[in-house]
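Presented below is the structure to which this report refers.
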Protein chains: 2
Amino acid sequence: MPRARSTSTPRARAGRPGPRAGRPGPRADVDTKARILEAARTSFSESGYAATTLRGVAATAGVDVALIPYYFGKKQDLFTAAMDIPVRPAELIDGAFADGVARAGARLVSAFLDLWEAPETGPALLTMFRTAMTDDAARRSFTEFIASEILASYARHLDTEDAELRASLAATQLLGMVMVRCVLRIQPVAGLPREQVVALVGPSVQRYLSGPLDE
Amino acid sequence: MPRARSTSTPRARAGRPGPRAGRPGPRADVDTKARILEAARTSFSESGYAATTLRGVAATAGVDVALIPYYFGKKQDLFTAAMDIPVRPAELIDGAFADGVARAGARLVSAFLDLWEAPETGPALLTMFRTAMTDDAARRSFTEFIASEILASYARHLDTEDAELRASLAATQLLGMVMVRCVLRIQPVAGLPREQVVALVGPSVQRYLSGPLDE
DNA sequence: CGCGTCGCTCAACAACCGTTGAATTCTCGG
DNA sequence: CCGAGAATTCAACGGTTGTTGAGCGACGCG
């Protein structure tokens, strides 16, 4: 493991920077930090964590590689910064239940589609989901987040005693719909108009929320 | 991880005069190729393609790194070899429809659970799914495979004209159940006995297959 | 004008990656 | 008994990665 390579570099001129450094071009008229973040979001969601290289992110952002550690620190910090998106699941669920449990199924499907199809939140959600599928530590925190935030919010609106069972069953249908339509884009579900998807899978969610479970 | 290597390999560590190599231990009592394949399957499914290193696979298989290119060629070839599992989706679906469309929902749920919970096929399926979510080329071939193999098999058993729509809707529920129960392992669905899951989500799949879609 | 500071570039570094080639030992058919 | 070939090892190569540190240019404040 120790390569014991002292300061004898194969190249000449060790330690001293090159003759050309500094900032030759004009000052950044656009916000460099935001450009890095956006490039990082798309790269993480399209290629995953391990396959994303800082050099690739820097290239699509049009900046130097060293600017990323300069602004964000380590690669893991860039990742958490890219995943920090504004989404309040509790408010979303409360909104879906606003006018009665009887309509909550369709409302939930609609809200889920909003979240996953918006360019602001969709890529980050996909990345979090993918990481939760892969990394075990991420999976634990992800499922704990779902249990304490999402399922608990459901349970507040369903005052039956099997509320958590019903909530997690509804999650299977909601997640599966999002996978098939937004991620894998399997036809014909992927090509249907939004309202039709809501009308088709809404009743299934509704059955889990308020219908008879044993039949 | 059974490391049942009974015969000890005498590692005579003498000096270090130039290149010394060869095979010091006894010949492979266990099938080396199979051990590499198994280690590769679990590593690919737990860490993904980019994050799996040949050195890591070799370490958990207990062999030298160079044996992997020796047996499997490039890393991509090892990947395709690890993904080559015996699964005949058409037969599976035909079996689920064997005694009538009316019972196909529960049968399909049961067959899906078998497939994803078996240690033989589960990891590879998970890997294929994850890769399809990440890589766009893999996604296209995956969805095309689903359309031409899976959905077409469904459609053969449902002779209505919206057969493909019904099949892809059923896929949302089946995939979502597998995600929540087998991959993310969200409670309480993950902790339920098998038959209860079949009883709970079977009717939802059944509705997509033969129930009224507009209600 | 002097000077610090901020934004940025360049070059290098150590570590690790996949892959190759040569060396060595074993097994086995002739 | 011997040589052919398979199985396994070590060492190295060229490339890429994340990260660091030093230098450069412009700007703002004194």
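Evaluate region B:142-159: report whether one residue or more is closer than 21 Å to A:P203 by Cα, assigned to a helix (DSSP H, G or I) and not β-branched (V, I, T). Taking every residue of region B:142-159 in turn, none turns out to be closer than 21 Å to A:P203 by Cα, assigned to a helix (DSSP H, G or I) and not β-branched (V, I, T). Can you find a residue that is within 15 Å of DNA strand C (Cβ to nearest atom), within 14 Å of chain B (Cβ to nearest Cβ) and hydroxyl-bearing (S, T, Y) anywhere in region A:67-90? The answer is no; no qualifying residue exists. Given the condition within 14 Å of chain B (Cβ to nearest Cβ) and more than 14 Å from DNA strand D (Cβ to nearest atom), answer yes or no: does some residue in region A:45-59 qualify? Within region A:45-59, one or more residues are within 14 Å of chain B (Cβ to nearest Cβ) and more than 14 Å from DNA strand D (Cβ to nearest atom). What single numbered condition from (1) more than 14 Å from every other protein chain (Cβ to nearest Cβ); (2) modelled with pLDDT of 85 or more fails to hold for A:G105? For A:G105, the exception is condition (1).
State yes or no: is B:V63 within 19 Å of A:T134 (Cβ to Cβ), crowded, with 18+ Cβ neighbours inside 10 Å, β-branched (V, I, T) and not assigned by TED's automatic domain parsing to the domain that holds B:M133? Answer is no for this residue.
Checked against (1) more than 19 Å from B:P119 (Cα to Cα); (2) within 10 Å of DNA strand D (Cβ to nearest atom), B:I36 meets all criteria but (1).
Of all the residues in region B:35-53, those that are near DNA strand C (Cβ under 10 Å from one of its atoms) and surrounded by fewer than 19 Cβ atoms within 10 Å (Cβ to Cβ) number 3. Just one of the listed residues (B:G62, B:G18) is at pLDDT 90 or above and on the phi > 0 side of the Ramachandran plot, namely B:G62. Among the residues of region B:108-128, the ones that are farther than 19 Å from B:A40 by Cβ, touching a residue at least 24 places away in the same chain (Cβ under 8 Å) and either within 14 Å of another protein chain (Cβ to nearest Cβ) or not aliphatic (A, V, I, L, M) (or both) come to 7 in all.
Scoring A:A155 on the criteria (1) within 24 Å of B:Y154 (Cα to Cα); (2) surrounded by fewer than 20 Cβ atoms within 10 Å (Cβ to Cβ) leaves a single failure, condition (1). Of all residues in region B:165-215, exactly one satisfies the criterion of being at the interface with another protein chain (Cβ under 9 Å from one of its Cβ atoms), surrounded by fewer than 16 Cβ atoms within 10 Å (Cβ to Cβ) and in a helix (DSSP H, G or I), namely B:A190.
Inside region B:129-164, residues that are facing another protein chain (nearest Cβ under 8 Å) and among the small types (G, A, S) make up a count of 2.
The values are calculated or read from the model by the stated rules, or taken from the named source; none is laboratory data. Source: prediction; values computed, not measured. Methodologically, a virtual Cβ is constructed for each residue, glycine included, from the backbone with ideal geometry; neighbour enumeration extends over all protein chains shown.
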